[in-house]
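Undergrad: Here's a structure for you.
The values are calculated or read from the model by the stated rules, or taken from the named source; none is laboratory data. Since the model is a prediction, treat every value here as computed from it, not as a measurement. Here the Cβ is made from the backbone with ideal geometry for all residues, glycine too, and neighbour counts use every protein chain on show.
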Amino acid sequence: MQKKFIAFGCLGVLLVVALVLVLSIVGSYNSLVSLDQKALSQWGQVENAYQRRADLIPNLVETVKGAAAFEKDTFTAVTEARAKVGQVSLGGGANPAANAEAFAKFQQAQDGLSSALSRLMVVVEKYPDLKATQNFRDLQVQLEGTENRITVERMRFNEAAQAFNSKRLSFPTVIIANFFGDRFREKAYFKSQAGAETAPKVKF
């Protein structure tokens, strides 16, 4: 009788330990999924902001072209940078920011477009009549607003990625994350352009 009681007691302890372990694994997995989805949602916002900028560029270039027909090299640089951005894709997979190399190429292409746009705005300084047109002023306001959105969305993505990475690297979640392989890879962060201690400013 006493042996049976001890056996049932041991079995009960084992069941409780197993239940706690299962609940811990399930909780960690669900937490990772939630943070992963939040980062992916924020990534979508980053892409939307960049797409808005890409959509503004043809109108901006055409508007400037009308007044600055001799600045062909600058227009070509902007057009090529925009085309390069369109060619770089992180893919529509479940974890677009998990591939650090592809992420770096994406950011490099976007930074290249930012630099080309800055050069275009320097060209605009030579043409005061262009700066006075309503169409250009409207595009200028939209571009400034879009650049601000890009900065905000990138910051929010970095925050979401940091929350995910912190959870993913904590113990015992790191064991669970490694068990699922690429499903829960660490997410890359947006960084400032190389050599830029301060945020780049577009001068109109």
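Undergrad: Which residue pairs have Cβ atoms under 8 Å apart, sit 6 or more places apart or on different chains, and have a first residue in segment 137-160 that is free of Cβ contacts under 8 Å to residues at least 60 places away in the same chain and under 15 Å from A188 (Cβ atoms) and a second that is part of a helix (DSSP H, G or I) and aliphatic (A, V, I, L, M)?
TA: none
Undergrad: In addition: If you take the residues of segment 150-204 that are modelled with pLDDT of 90 or more and of a type in the set (S, T, Y), which of them is farthest from L40 (Cα to Cα)?
TA: Within segment 150-204, the match that is farthest from L40 (Cα to Cα) is S170.
Undergrad: Going by the conditions given, is F75 modelled with pLDDT under 85, surrounded by 18 or more Cβ atoms within 10 Å (Cβ to Cβ) and part of a helix (DSSP H, G or I)? Talk me through it step by step, then tell me what you get.
TA: Numbers: modelled with pLDDT under 85: yes; surrounded by 18 or more Cβ atoms within 10 Å (Cβ to Cβ): yes; part of a helix (DSSP H, G or I): yes.
Spelling it out, F75 is indeed modelled with pLDDT under 85, surrounded by 18 or more Cβ atoms within 10 Å (Cβ to Cβ) and part of a helix (DSSP H, G or I).
Undergrad: I'd like to check something: does segment 136-149 contain any residue that is modelled with pLDDT under 90, surrounded by 12 or more Cβ atoms within 10 Å (Cβ to Cβ) and farther than 20 Å from A77 by Cα?
TA: Checked segment 136-149: at least one residue is modelled with pLDDT under 90, surrounded by 12 or more Cβ atoms within 10 Å (Cβ to Cβ) and farther than 20 Å from A77 by Cα.
Undergrad: Do you know which residues across segment 111-135 are surrounded by 13 or more Cβ atoms within 10 Å (Cβ to Cβ), modelled with pLDDT under 85 and either of a type in the set (D, E, K, R) or not in a helix (DSSP H, G or I) (or both)?
TA: Across segment 111-135, the qualifying residues are Y127, K131, T133.
Undergrad: Right, here's the next one. For segment 44-58, which residues satisfy the criterion of being closer than 12 Å to V78 by Cβ and touching a residue at least 60 places away in the same chain (Cβ under 8 Å)?
TA: Applying the first criterion (closer than 12 Å to V78 by Cβ) to segment 44-58 yields 53-54, 56-58.
Passing the criteria: R53, L56, I57.
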